[in-house]
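Comments concern the structure below.
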């Protein structure tokens, strides 16, 4: 793990990159990183996030700046800008049931090819997907999700990069930290090693590549 400025971290992300962003309607989202992504105008991003948030908040800022070309999410209904871009064919959207969404990310982080789920069988969700029968029940094969970068927000980070999260701000951050080639973290507080008890570590340091310095 290396401590870097937010400017340095975002400079590593090329245009057209695939990124996972933690958060649930902006809660637990690395706002400083997203602000810098907008400032540096990183365009044509393939975004994997639970939702599209709302204009001006969380990943909604990326849609405000028209920086996303593809979105994989479980919900976009509260962001009219994302909807407008989708209807104008400026944004390709892959809507995934929320449970399936997180399991596909978890599979990506664990080195699995995908998961079997009954969710979506017999609906439009099943179109073009392989169906497998197990003990008389039909399942969809949902492939794993990974990204080049994961942008993660924690409550506490120590000097090695061990992370812990606050309440519901935990949401998708831990699984996304497992499923990306490069993990970039912001934290509310950066503390000495030992402040986070070992059994309270939710994301271990070996998963974290870069920690944004607090000013």
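Each value in this text was obtained by applying a stated rule to the coordinates, not by laboratory testing. Please read all numbers here as calculations on a predicted model, not as lab measurements. As a convention, Cβ positions derive from the backbone with ideal geometry for all residues, glycine included, and neighbour counts pool all protein chains shown.
Of note:
- Packing rank of 84-91, 195-202, 65-72, 45-52, where each peptide gets the mean count of other beta carbons within 10 Å, highest leading: 45-52, 65-72, 84-91, 195-202
- Semi-axis lengths, Å, region 101-215, gyration tensor of Cα atoms, sqrt of 5 times eigenvalues: 35, 13, 11
- Two-site FRET efficiency, residue 15 against residue 78, from Cβ-Cβ distance with R₀ of 35 Å, rounded to 0.05: 0.85
- Using every pair of separate Cα atoms, the Kirkwood estimate puts the hydrodynamic radius of region 148-191 at 10.4 angstrom.
- Taking N as its residue count, the alpha carbon Rg of region 36-84 over 2.2 N^0.38 Å: 0.99
- Computed lengthening from residue 40 to residue 3, 0.36 nm per intervening residue step minus Cα-Cα distance: 11.3 nm
- Label-point separation in nm, residue 121 to residue 66, each point 7 Å along Cα→Cβ: 4.4
- FRET E, pair residue 134, residue 98, Förster distance 22 Å, beta-carbon r, rounded to 0.05: 0.45
- Most simply put, the chain has about 30% antiparallel DSSP beta bridges, counting only bridges with both residues inside it.
- Cα-Cα P(r), region 85-166, percent of pairs per 5 Å interval: 3, 12, 16, 17, 17, 13, 9, 7, 4, 1, 0
- Protection proxy ranking, peptides 169-181, 24-36, average beta carbon neighbours within 10 Å, highest first: 169-181, 24-36
- Mean projected area of the Cα convex hull of region 1-93, taken over all directions, amounts to 5.5 nm².
- Coordinate range along principal axes, alpha carbons of region 108-147, Å, largest first: 30, 23, 13
- For region 67-110, taking the reciprocal of the average inverse distance between every pair of different Cα atoms yields a Kirkwood hydrodynamic radius of 11.3 Å.
- Normalised by 2.2 N^0.38 Å, where N is the number of residues, the C-alpha radius of gyration of the chain stands at 1.03.
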